[in-house]
1. Any residue at all in the range 71-86 that is of a type outside the set (A, V, I, L, M, F, W, C), surrounded by 13 or more Cβ atoms within 10 Å (Cβ to Cβ) and modelled with pLDDT of 85 or more?
2. Which residue is nearest to GLU13 (Cα to Cα), if the candidates are limited to the range 23-82 and must be part of a helix (DSSP H, G or I) and of a type in the set (Ser, Thr, Tyr)?
3. Give the residues of the range 18-39 that are among the acidic types (Asp, Glu) and either in contact (Cβ under 8 Å) with a residue 24 or more places away in the chain or within 11 Å of VAL75 (Cβ to Cβ) (or both), sorted by residue number.
Amino acid sequence: MVFDYVLTLCRHETTSTALVWALWELSQHPEIQSRLRKEIHSILGTEFDPSKPPTNDQIDQMKYLNNVVREVLRVDPPGTLSSVPPLIRAPNPPCIFPCIFVWYCG
């Protein structure tokens, strides 16, 4: 159970960090944001309906979105020391995760 929690926490942190970097990069490059928006609107339409999420076929059609995501992950990979905010957390008191590691706080 603890192992599953740790894996879930790690996936959550890296996903949120990747999204933060993607949004930051898009805010710094409005021409890319505009092109990406046009691609998404051309495939999904301009009105988003939460009850109808994009299909796999629609996502596969979004080649520019795929390229943007890959470039963000290449330039700003989550989980590295350059990630903002740093992914450094420590439990208090020390926790032992079976066959993985021991964290000591002092």
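The values are calculated or read from the model by the stated rules, or taken from the named source; none is laboratory data. Note that the structure is predicted; figures quoted are calculated from it, not measured. Here the Cβ is made from the backbone with ideal geometry for all residues, glycine too, and neighbour counts use every protein chain on show.
1. There is at least one residue in the range 71-86 that is of a type outside the set (A, V, I, L, M, F, W, C), surrounded by 13 or more Cβ atoms within 10 Å (Cβ to Cβ) and modelled with pLDDT of 85 or more.
2. Going through the qualifying residues, I end up with SER27.
3. Scanning the range 18-39 gives GLU25, GLU39.
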